[in-house]
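J.: Structure in structure tokens, see below.
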Amino acid sequence: MVRALQTGKNAGKEWSDVPYGGLLGDTVLARVMEELIADPHSFYRSKDLEELTGCTSPSIREALKTLREYGLVTSSGDKHPVHSVNIHCKTFIALTLLAYAVLDDQDDGDCMDTAIRHYCETTLNIDQGFCTTAVSAPYRISDQARMTGSAHDVSANETYLCQHTLATEG
């Protein structure tokens, strides 16, 4: 099921027609980010991004400049630079998770959960279901579907260590 956006200037458009489901607006910067995040292992010339986004050359150059300033994109070459995603940049990881979250909200999927689990296991080296959460504001940690345990209140500036184990049916 493809849902249409309900509000704003993109009302009536399908989620897939607007970068990040319209959450970041329908700007040149959002369109360039969406294209880069969708295929982060490719190399792009400005002309490629013009064709992919339908945006003008000056606006693409400005978007790439902004993304370089944030460390999300690296560029090499003078006359016709080649641009690539800095996949080690935490902004890249966050935008990837945001893209998954928008898709999951659209079709009730679990892409973001899978990506977070993979990130925890491969990048943070968190094994066997252990997870450490540091919080800056009080909130409540509670069970998610298929997880065992109970709800816990976590205070501000407290670190909470929890172990999740998958519930088995039987």
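J.: May I ask you to say which residue of Glu35, Glu51 is within 29 Å of Asp107 (Cα to Cα), more than 20 Å from the chain's Cα centre (by Cα) and in the same structural domain as Ala115 (by TED's automatic domain parsing)?
T.: Values: Glu35 fails: more than 20 Å from the chain's Cα centre (by Cα).
Only one candidate passes the filter, namely Glu51.
J.: If you don't mind, there's one more thing I want to ask. Check Thr66, Thr74 and return the single one that is surrounded by fewer than 17 Cβ atoms within 10 Å (Cβ to Cβ), touching a helix residue (DSSP H, G or I) at 6+ places or on another chain (Cβ under 8 Å) and not in a helix (DSSP H, G or I). Explain how you work it out, then say what you get.
T.: Details: Thr66 fails: not in a helix (DSSP H, G or I).
Result: Thr74 is the single residue among Thr66, Thr74 that is surrounded by fewer than 17 Cβ atoms within 10 Å (Cβ to Cβ), touching a helix residue (DSSP H, G or I) at 6+ places or on another chain (Cβ under 8 Å) and not in a helix (DSSP H, G or I).
J.: Quick check on my filter: what residues within segment 53-80 are over 20 Å from Lys90 (Cβ atoms), of a type in the set (A, V, I, L, M, F, W, C) and in contact with a strand residue (DSSP E or B) (Cβ under 8 Å, 6 or more places away or on another chain)?
T.: None - no residue of segment 53-80 is over 20 Å from Lys90 (Cβ atoms), of a type in the set (A, V, I, L, M, F, W, C) and in contact with a strand residue (DSSP E or B) (Cβ under 8 Å, 6 or more places away or on another chain), so the list stays empty.
J.: Follow-up. I need every pair where a residue in segment 24-39 that is without any contact (Cβ under 8 Å) to a residue 24 or more places away in the chain has its Cβ under 8 Å from the Cβ of a residue that is hydroxyl-bearing (Ser, Thr, Tyr) and part of a helix (DSSP H, G or I), sequence separation at least 6 or different chains.
T.: Close Cβ pairs (under 8 Å, with a partner that is hydroxyl-bearing (Ser, Thr, Tyr) and part of a helix (DSSP H, G or I)) amount to Ala30/Tyr20; Glu35/Thr53.
J.: Among the residues of segment 1-52, which ones are assigned to a loop (DSSP other than H, G, I, E, B), at pLDDT 90 or above and farther than 14 Å from Ala99 by Cα? Spell out how you get there, then give the answer.
T.: If we filter segment 1-52 for residues that are assigned to a loop (DSSP other than H, G, I, E, B), which is where we start, we get 1-3, 5-13, 18, 23-27, 39-43, 45.
If we keep only those that are at pLDDT 90 or above as well, we get 27, 39-43, 45.
Within segment 1-52, Thr27, His41, Ser42, Phe43, Arg45 meet the criteria.
The values are calculated or read from the model by the stated rules, or taken from the named source; none is laboratory data. This structure is a prediction, so every number in the text was calculated from the model and none was measured. Cβ coordinates were reconstructed from backbone atoms using ideal geometry, including for glycine residues, and neighbour counts include every protein chain displayed.
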